[in-house]
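A.B. asks: Quick one: structure below, then a few questions.
The values are calculated or read from the model by the stated rules, or taken from the named source; none is laboratory data. Quick caveat, the model's predicted, so the values are computed rather than measured. All Cβ positions, glycine included, derive from the backbone under ideal geometry; neighbour counts span all protein chains shown.
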Amino acid sequence: MSREPKRLGALGTVIMVLVILGIIAATGFVAWLCIDMVNQVPENSQSTDQAVQLPTETAEPTVEMPTETTVPPTTVPAPADINPLTGEALDAVSDSRPYAIMINNTTKAVPQCGISQADMIYEIVAEGSVTRFMAIFDELSDVDVIGPVRSVRPYFYRVAQHYGAILTSAGGSDEADSLIKKEGYNRLDGIAGAGSAFYRDQWRRENKGFEHSLMTTGEKLAKAAEKAGFKTTTESSDYGLSFTAETMTTGETAEQITVWFYKNGKKTVMNYNEETGLYAMYQHGADSVDANDKSPITFRNVVVLEADTHVKDKKGHLETQMTGTGKGYYARDGKIIPIQWSRESNSAKYVYTDLEGNPISFGIGKTYVAITPDGSPFSYK
C-alpha cells in the first residue's frame, strides 16, 4: 500500500489548524478595537458611571400665602387643687383636715363672727325650736374671730364625722360628751381641755350674756390642735360631693325659700339674687351678716333634708335621724328639685340623688344644709 496519502492528510490538518487560529486572533483584535473605541469618551461628555436622570415634571413654585400676625395665647394654669367643700380653685394643693365648729344661733347671738368664711353651714334644732349652726371650714389660717361657740349634740357630732373634721365646741350634752369620749374622737372643747384656744369677749359678755360670749380664732384653734397632737391633714378629701359650673335649669322657680324648724318654730329664709347667683340668709327679722366685716351670709347651694326627730328625755334633748334614707330638696340658680338622701352609717358619707336616682351635682360655692324635723312646714316661690 502507498504511504503518500497519509502524509498529505497530516499536512492538511496542520494548515486547517493554522487557519482557525488566525481567525480567532483576528476576531479578538476586532473586539479589542471596538471596546477601546467605546471607552474613549469625549471630555464634554458625562461619565457612564453617573446615573441617567429621567425627565420629571416641572415642580410648581411654592407660593407663600400671607399670614396674620399671631399673638401667643394666654395660658391659664390649671388649678393645683380645689376646695373639696366648695369646688373652688385653690392656689396650692391642700390636704388640710376640716374643722367643724358649733356656733350659737339665738337672737342674742347674732350677728355671729367668722361664719361668712365657712365653706358649709348646717342648721339643726338643738332643743325646742332653737337651732344651732355647725360651721365647717376646709382652711382656718385666714379666719379671724369665730363664735360665739356653743355646746354640741350627738347628731351634730355625727355630721362632723361625715367630714372627719376636728370638732370644736363649748362642752356638750351628756350623751354627746359620752359618745365623743367613748369613740376617741378629736375635739377642741372650750369648757374642758382646750381653754387656751378660747376667750370671753367682754362686750358680748356684758351686752348679750355670758353664754353668748365664748370666742376663738383660726390661729388659736390651729395651735390647740397641734398641741393636742391631732392629725391636721387628711389622706382623702372625698366627701361625696361633686361640683359643676353649669347653670341649673331644671326644676321649679325658687327665688325665695322658707324653712321652718317645727310648725311655728324658728324660721330661716333664703332670698335669691339673680345678679350674684347666690341665696342670702334672712333670720331673726334681719339679713344675716358677719360681725367681723358686715359681709352678708350667702350660699350657692341650699339643701333641705327631712329627718325623723323626737324628744328623748325630760330635758328636752332630741334624737335626730342621721342614717337611713329620707326626702328633701335641693336649690341652686333660682331653681329647686325634690331629692332623696341616704347614709349607711354614722361614719359614712351622705348621698344625694334626684327622684330617679341620679347623683346631685353641687354648684361651685358655699352650701347651706338644713336638717329639719319631719313634718315641718317648707315653702318656695
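A.B. asks: Exactly one of (1) among the hydrophobic types (A, V, I, L, M, F, W, C); (2) out of contact with any Asp or Glu (no Cβ under 7 Å at 6 or more places or on another chain); (3) free of Cβ contacts under 8 Å to residues at least 60 places away in the same chain is unmet by V304. Its number?
C.D. replies: V304 satisfies all of (1) among the hydrophobic types (A, V, I, L, M, F, W, C); (2) out of contact with any Asp or Glu (no Cβ under 7 Å at 6 or more places or on another chain); (3) free of Cβ contacts under 8 Å to residues at least 60 places away in the same chain except (3).
A.B. asks: Sort through G375, G365 and tell me the only one that's assigned to a loop (DSSP other than H, G, I, E, B), over 24 Å from the mean Cα position of the chain (by Cα) and either in contact (Cβ under 8 Å) with a residue 24 or more places away in the chain or crowded, with 16+ Cβ neighbours inside 10 Å (or both).
C.D. replies: Answer to the check: G375.
A.B. asks: How many residues are part of a loop (DSSP other than H, G, I, E, B) and surrounded by fewer than 16 Cβ atoms within 10 Å (Cβ to Cβ) when one looks only at region 286-306?
C.D. replies: Final tally of qualifying residues: 3.
A.B. asks: With A225, A192, A170 as the choices, which residue is of a type in the set (G, A, S) and modelled with pLDDT under 95?
C.D. replies: Criteria check complete, one pass: A192.
A.B. asks: If V143 meets every condition in (1) part of a strand (DSSP E or B); (2) of a type in the set (V, I, T); (3) in contact (Cβ under 8 Å) with a residue 60 or more places away in the chain apart from one, which number is that one?
C.D. replies: Going through the list (1) part of a strand (DSSP E or B); (2) of a type in the set (V, I, T); (3) in contact (Cβ under 8 Å) with a residue 60 or more places away in the chain, V143 breaks only (1).
A.B. asks: Shifting gears a bit: Which members of region 325-345 meet the condition of being assigned to a strand (DSSP E or B) and among the small types (G, A, S)?
C.D. replies: G326, G328, A331, S342
A.B. asks: So which residues in region 208-234 are exposed (fewer than 15 other Cβ atoms within 10 Å of the Cβ) and within 18 Å of I146 (Cα to Cα), if there are any at all?
C.D. replies: Selection gives G209, F210, E219, K223.
A.B. asks: Still on this structure: Of the residues N358, N346, which is free of Cβ contacts under 8 Å to residues at least 12 places away in the same chain and either of a type in the set (F, W, Y) or over 29 Å from P296 (Cβ atoms) (or both)?
C.D. replies: That would be N358, the only listed residue that is free of Cβ contacts under 8 Å to residues at least 12 places away in the same chain and either of a type in the set (F, W, Y) or over 29 Å from P296 (Cβ atoms) (or both).
A.B. asks: Given E235, E226, E252, which one is closer than 30 Å to Y380 by Cα and out of contact with any Gly (no Cβ under 7 Å at 6 or more places or on another chain)?
C.D. replies: Result of the check over E235, E226, E252: E252.
A.B. asks: While we're on this one: Under 30 Å from F198 (Cβ atoms) and touching a strand residue (DSSP E or B) at 6+ places or on another chain (Cβ under 8 Å): is that true of T309 in this structure?
C.D. replies: Spelling it out, T309 is indeed under 30 Å from F198 (Cβ atoms) and touching a strand residue (DSSP E or B) at 6+ places or on another chain (Cβ under 8 Å).
A.B. asks: Sticking with this one: Counting only residues that are surrounded by fewer than 18 Cβ atoms within 10 Å (Cβ to Cβ) and of a type outside the set (S, T, N, Q), which one in region 331-349 is nearest to the chain's Cα centre (by Cα)?
C.D. replies: Out of the qualifying residues, it is K349.
A.B. asks: Could you pull out the residue among T309, T325 that is farther than 26 Å from G277 by Cβ, surrounded by 19 or more Cβ atoms within 10 Å (Cβ to Cβ) and touching a Ser or Thr at 6+ places or on another chain (Cβ under 8 Å)?
C.D. replies: Checking each option against the conditions leaves just T309.
A.B. asks: Among the listed residues S151, S116, which satisfies the condition of being of a type in the set (S, T, Y), at pLDDT 95 or above, surrounded by fewer than 22 Cβ atoms within 10 Å (Cβ to Cβ) and under 22 Å from T217 (Cα atoms)?
C.D. replies: Just one listed residue meets the conditions, S151.
A.B. asks: Another question, if that's okay. Which number in (1) surrounded by 24 or more Cβ atoms within 10 Å (Cβ to Cβ); (2) within 23 Å of T323 (Cβ to Cβ); (3) under 21 Å from the mean Cα position of the chain (by Cα) marks the one condition that F137 misses?
C.D. replies: Against the list (1) surrounded by 24 or more Cβ atoms within 10 Å (Cβ to Cβ); (2) within 23 Å of T323 (Cβ to Cβ); (3) under 21 Å from the mean Cα position of the chain (by Cα), F137 comes up short only on (2).
A.B. asks: Moving on to the next point. Which residues, taken from region 268-277, are assigned to a strand (DSSP E or B) and either surrounded by fewer than 16 Cβ atoms within 10 Å (Cβ to Cβ) or modelled with pLDDT under 95 (or both)?
C.D. replies: Hits for region 268-277 are N271, N273.
A.B. asks: Scan region 324-380 for residues that are under 13 Å from L241 (Cα atoms), among the hydroxyl-bearing types (S, T, Y) and in contact with a Gly (Cβ under 9 Å, 6 or more places away or on another chain) and jot them down.
C.D. replies: Y350, Y352
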